[in-house]
Structure formats: C-alpha cells, structure tokens
Amino acid sequence: MKRSDDGLSKQFTTNLENGLSLKEVQKRTSEYGYNEVPEIKERRITRFARKFWGPIAWMLEITILLCLLLGKYFEAIVVSFLLIFNSVIGFAQEEKANSALDFLKQKLRISAKVKRDGMWIMIPARELVPGDVVRLRAGDFVPADVEVAEGTVEVDQSALTGESLFVDKNIKDVLFSGSTIRRGEITGVVTSTGTKTYFGKTVELVQIAKPKSHMEEVISRVTKWLIVMIGILLLIEFAFAILKSINLLAILPLAVVLLMSAVPVALPTMFAISMALGSLELAKEGVLVTRLSANEDSASMDVLCADKTGTMTMNKLSVTDIKAVEDYKKEDVILYGALASQEANQDPIDLAFMSAARNMKIPLDSYSQKNFVPFDPSTRRTEATIERDGQKFLVTKGAINAIASLSNNCQEECSKLGKDVEDLSARGYRVLAVAEGTTKNSISLVGIVALYDKPRPDSPTLVKELRELGISVKMLTGDAQPIAKEVAEQLGLGDNITKMSDLKDTKREDKRSRIIEQSDGFAEIYPEDKYHIVESLQKSNHTVGMTGDGVNDAPALKQAEVGIAVSNATDAAKESASLVLTTEGLEGIVDSVKTGRRIYRRMLTYTLNKIVKTFQVAVFIILAFLVTGQNVVSLFSITLFLFLVDFVTISLATDNAKYSVKPNKWNVKAMVELSVVLGILMIFESMILLFIGNYFGLYNNNNELYTYVLDFLVFFGLFSVIILREQKHFWNSKPSKILTLSIVLDVIIVSLISIFGLYQLAPIGIIKTLVVLVLTLALCFLVNDPVKVFLVRKFGL
C-alpha cells in the first residue's frame, strides 16, 4: 500500500501482510521522531529569577542599594523582605498555570497493537512510526492518525471536533489521533505521528497559546507612571540643590525617601489577594478558579466564545419532531423506535428513543426483546425481534434510504414524506425512519423522527443575562451551518452564523476581523480555528472568554483571558482553562462576571489611592523641602507609612464593592489624571497642616516634625480609601467590617505612636494628635469627597 501524507517529506510503502521491519522502524524513528509532542520547558530557577526583573523589582532593588550606602541597614532588610515576598507570590501563581501540556501528553501514553516483521505485538504508542500497520477495535483510543485499510468502524470524535454524533469510517478514511472507536474493527496504516497529527497540532497550539495578562499590564503601566512622577521630582530636587550649592550627597536620603514612597510594594500582593478571595467566593457557587488573573479578566470580558456541543447544548441527542404515517400515531413511532433500541449500548440514538418513550410515558414493560442487532455501518440500521403476549414481530430504525429498501410499502411511504425529510434535514436535524412488521417481507413504515443536540435549559437565559452585562456571545461549532443556525435561533443569539470556510476565503485580514466581530457564531470549525478566532478578537482589543469541554478546545481555552471548562470537560480542557464549572449549566459564568467586576472595583480603589498618595506625598516632601529647607520625613517614617497604609489597605480585598452593568476596562491615563487633580488638592491641604505644625513649634525638633507629618499623611491615606471606594458620595455604601476595623486599628496605632513615640519618632502629645485627626477627617469627607464625585463623572471611572 502506498500513501502520501502532508506531514511527510516523501512517499513511503507499507506491506499489510508483514508490516514494517525492525530496521525500517529504526530508520523512520530517526527520520520522523517519536509519536509524542516535544515539550518546551524553562527551568524553575530561571522562572523564579525573572521575578526579580521588572519595574517594581528595580525600584525596590535600587532602594535597597541606596539604603545600604547610607548605612540604613534596618530599612534595607525591610525592603528586601518586600522584594522577596512579592517574588514568591508571583512565582507560586505562575507554577499553577503550566500543567495543561502534561495532561494532553498523557493521552499519548498508551499501548498500540502493531504488526512488525509479520507478527502482531503490543508496543507503547510513542514508538509508532508512519507506515506502521495497526489494529484497532471498539473501545480503543486512536494513538496516531491512521488510514483505514480493512474494515469499517464507528468513531467518537467529539473530544476533537465537537461533533456530537458518531462518525462512520470506511476504507481510505482517516481516523484522527485522540478519537475513540465505538463499534467495529479495522486494520490501518499510520499516516502521521506526534506533532504532525490532528491531535498533536492541538497540543502544539496549547504550547503556543499565551493569554494576555491585563493585571500585569496594569501593574506595569501604573508603576511606570509612578516612576515618571518621581523622576521629574528628583530632577527638580537635584536642580534646586545645584542652584543652592547644596552637596548632592546631603540630599541623597531625601531621594531614597521619594523613591521608597513611590514603590507600589503591595500592589501585586493586593491584586493577588483580591482575586484569591474572589476565587473562594466563586468556589461556593460551583466555579473553580485555576488562574487567579481570570477574576480580573472576567470583569473586562466583553466577548464570550461559547462552544456549542456540551456547553450550550446537552451533548446528547433528543427527539424534536415526529411524523407518523397512515393509521399510526406519534406514540407508535416512538414505541417501535424504542423497542429497536438497547439502553445498555449507550448509543446516543438509542438513548434518545428510550428517553422520549419515558417522557411520553409509553410503557415498555410488557414487551420482551428476544434478539437485537445493533447499528452496523453496512446496513445503517438497528433491528430487534420483540415478543408480546406470545406474539413475535420485528422492529427496525435507521437511515431513511436503509429503511425504504426493506419493502415496497416502506419505499412508497418514505417517498410521501420526502418533503418533510428534506425540510427537517435542511434545518440540520438527523432524520431516521422507524418500521415494524411480523416478518421481514411485511415490514411497514411507522414514521420518521428528527433528532438533534438540544440546547441546555439555562442557555437562553444565560445569553440574555450576559448581553445585559454588556457581553457579546458567539457560538462556535464543528456542526454544519443549518444546525448552527437552528440552535442559535433557539438560544436567542441571532442568525448571523458564518461558515468557517467562507471566513478563510476572505483574503483581507481587516475584513476577516470585522466579520469575526460582527458574527453571532461560526459553523464547521476546527480546533485551530477556535484558537485563531479568539486571537483575532484579542487583536481587536476585546477581552475574550471561551467555553469548552473537549481536547479540541484546549488551545483556545488557554489563549483566552477567561477560559471556561464546563463540568463534563476533559482533563486537558480543565487544565487549559482558567475557570472550571463543577455544576451543570452555565450560570457560573454570570457569577464569575459579577464577582470579577466587584474585584475590579476593589483593585481600582486601591490603585487610585496609591497614585493619589504617591503624588501627594512625593510632591509634598519636595515642596516642604523647598519651603522649609529641611526634610519633613525620615526614611524610617516613610517605611512605617508604607506598612501602615499600603498593607492595611490590602483589606480592600474584602470590601463590599458593587459590580457594574458594563465591562470594566483599565484606563490608566484617566486614573492618573483623576489622581493628580485630587492629589493637588491634598497637597494644598497638607501644606496647610504643615504650617499649623509651625504654629505648634515643631520645626525646631526634627523627630517631633517627623511624627506630626506621619500623622496627617497616614490619616489622609486611610480616609481617602473610604471616599475612593464609592463612585458616588461615601455614604452610599458601607465598607466591609474587615476594612473598617483595619482603618480604625491603624488610626489607633498611629495615635499611640504620636502620643508615646517610637524609635526616631518623638511623642507630640494627645492634643496635637487629635487636631490632626479632626482636620484630616473634615477635609477628606467635607471637601475631598464632593470633588471626587465630580472627577469620577468627568473622567468616567
């Protein structure tokens, strides 16, 4: 037998009687490699080392170096702890995201029956080479792409192509690696192995798939803005020092203070904790989060690509229409069809008839099945001998043409129903005929039945809810366009269903992108098509969700920002996904979107507060230095400030945030603009408080001044959280108990430090502390809150 394959560089010949010789196997193994997918892996130590490279890490590392140069060893140890803490958390999250490939590769770790040197032997599937003669039978997992040479089989390809119906494979047809033999037995020739197979290409796509991390992008952009702010202020500081002939080494401590105040040390940690707590919330709703960033991405998701089979539909056939002939009733069609079925076989068509009989309350107990002939690709029907009250008769069901050929009566009746069959087939239904008779020569047509993969009961509601949340839903299926249109209509998706072949024929990339954006769904697609659809939508600046259940969905699930594996998904799909539903139906998606948007609001509050604080503190420190000629904060006080404010505001992760009715998008530019305007107001307020400090005579004692300034900076930072967490006025919603307690506890700690002193911070007494507390409260809630409401409306945050 001679066979050419696209994945092979030249023709090869195989003798079916003897198979390949050992020498030829060795040669082909050397030429084509093993039947496996080479794995691309980076060493763990290298991945961990990368965590010390990036904007936040650089800022912390420079700060540590400057602290050591200034002899501030305690502060250097504190900052080192922050650096290591952030790196460990980031590395732990990344480790969880890299196991999808292992699950896919395990599918290839099976044995195969192969003919070598004229003898049938069992070998590990990884040792198969192109040209090997293999034997496959019912229940076998197809270990490579195999062309059928002898025999016929029925194959389950649902895990690969998404097709809900079994597929008949005859001589010269190709069995795809990753599918399963349901009936029959064949001898075949291996045409492709490893990455050249249909299955192997899917594994390669999973390796290539890299979801865009919006969280990392936001952290990076915010950090860059903070660096720019501090960079400008440092230039101003050094320029002032040069003009005043001040020794640059003398102002180095101030430079370290500025740099330290700008480092968003708790930003990655707060994001991670917010999403971890959100994951716990979702777990209670039956949604498991396998990639923490999926929570934040759920908030931004504006397109959901939903796999039809097993996701939007039940992944099992159901009776949708019945046409009876002559004196028969619809109940008779289902009765005889159920009698020509056997539940034990778990055949989808048999199960559909048995289920319909139960739903229609048709009793089968009085009938006894004496003989049953299962579906055979050669006859294209099932047949059973039934006995009731001592009388025997035959029942059969199958393809229209197969039943029509049994008798003249069947042929005539099938012809009469030709228009009905044509209409039902045009709508994408699978149409079968049912017949009965006392003998094979007296078979009469009872009627026809239309079957299809029924939508889940909750799917139309899900589509409606998602649209109300501003999310466009697109259905992806390997089924024909008529089936796709029928299902889309029942789901309320719309009728703009695009055939994948038509999309591929579109040469211009911009036009293809426009078609993908405007389509309600796609029919007749393959795994790589799903992956490319997701990728195209991402290039058009969409945040994409993808649902699926099979191996075919794994690449797209991993590529999407929000990959969602349904409850009956394969291990590969679950490991590639960022969300896994543990309950039937898709209501968990709506829960994840709402939870994600609440998390977004919490993270937005923290980020706004951080930018406002950084701008306020940094500019205030420089301005105070220019006005007073002295440092108003010490390195110790600014380090304490970071701990007291940054890490206490991590409790925002528990806040009672509201979810929005539209997708949330990070607009860093608008965030910075709002923060700068609000920050300018707070700088003005800080300067007023600084002048009040002069009235108290604090300028003559640096340590008392450090304590006084620390007081109002911390109080401003804490009370700003209360006003920034709510888009409207602060009284419109209550903060969580944990957030409230954290702020109260922080206020008490700072007040005690102010009264009793700590290290370089001298006590200033209870009166001055109360004055600062009352003034910052009044300024934040009576002045800053109304300004914030105006700015939120102006900048659209």
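The values are calculated or read from the model by the stated rules, or taken from the named source; none is laboratory data. Everything numeric here is computed off the predicted structure, so don't read it as measured data. Here Cβ is always computed from backbone atoms with ideal geometry, including for glycine, and neighbour counts include all displayed protein chains. These area figures cover heavy atoms from the full protein model, side chains too; ligands, DNA and RNA do not enter into them. Shrake-Rupley method; radii C 1.70, N 1.55, O 1.52, S 1.80 Å.
One table, with the values for the structure above:
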quantity	calculated
Selected residue [more than 30 Å from HIS542 (Cα to Cα), open to solvent by 10 Å² or more (accessible area, probe 1.4 Å) and assigned to a helix (DSSP H, G or I)] from LEU364, LEU351	LEU351
Helices (runs of 4 or more DSSP H) contained entirely in region 385-486, each with at least 1 residues that are modelled with pLDDT of 85 or more, farther than 30 Å from LYS594 by Cβ and under 46 Å from the mean Cα position of the chain (by Cα)	400-404, 418-426
Filter result for THR180 (modelled with pLDDT under 85, out of contact with any strand residue (DSSP E or B) (no Cβ under 8 Å at 6 or more places or on another chain) and not aliphatic (A, V, I, L, M))	no
Search result, residues across region 767-797 that are open to solvent by 50 Å² or more (accessible area, probe 1.4 Å), without any contact (Cβ under 8 Å) to a residue 12 or more places away in the chain and not basic (Lys, Arg)	ILE767, LEU770, VAL774, LEU782, PHE790
GLU383 being within 20 Å of ASP321 (Cα to Cα), in contact with a Leu (Cβ under 7 Å, 6 or more places away or on another chain) and open to solvent by less than 50 Å² (accessible area, probe 1.4 Å)	no
Residue match in region 726-734 (condition: among the basic types (Lys, Arg), assigned to a helix (DSSP H, G or I) and farther than 23 Å from GLN630 by Cα)	no
Wholly enclosed helices (runs of 4 or more DSSP H) of region 227-346 bearing at least 3 residues at pLDDT below 80 and under 30 Å from ALA556 (Cα atoms)	267-284, 293-300
Region 395-424, residues that are closer than 19 Å to PHE375 by Cβ, open to solvent by 30 Å² or more (accessible area, probe 1.4 Å) and of a type in the set (Gly, Ala, Ser)	SER405
Selection from region 729-764 of residues that are of a type in the set (S, T, N, Q), crowded, with 16+ Cβ neighbours inside 10 Å and under 36 Å from the mean Cα position of the chain (by Cα)	SER736, SER742
From the options LEU175, LEU160, residue that is modelled with pLDDT of 75 or more and under 30 Å from PRO377 (Cβ atoms)	LEU175
Scan of region 425-436 for residues that are buried (at least 21 other Cβ atoms within 10 Å of the Cβ), within 18 Å of PRO348 (Cβ to Cβ) and of a type in the set (Gly, Ala, Ser), ordered by number	ALA433
Residue count, region 427-478 (criterion: within 30 Å of VAL325 (Cα to Cα) and not β-branched (Val, Ile, Thr))	21
Boolean, LEU581 is touching a Leu at 6+ places or on another chain (Cβ under 6 Å) and under 30 Å from GLY178 (Cβ atoms)	no
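Yes/no matrix, rows are residues, columns are (1) exposed (fewer than 15 other Cβ atoms within 10 Å of the Cβ); (2) modelled with pLDDT under 75; (3) over 21 Å from THR223 (Cα atoms):
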{"site": "PRO38", "(1), (2), (3)": "yes, yes, yes"}
{"site": "THR63", "(1), (2), (3)": "no, no, no"}
{"site": "VAL78", "(1), (2), (3)": "no, yes, no"}
{"site": "PHE81", "(1), (2), (3)": "yes, no, no"}
{"site": "ILE89", "(1), (2), (3)": "no, yes, no"}
{"site": "GLN93", "(1), (2), (3)": "no, yes, no"}
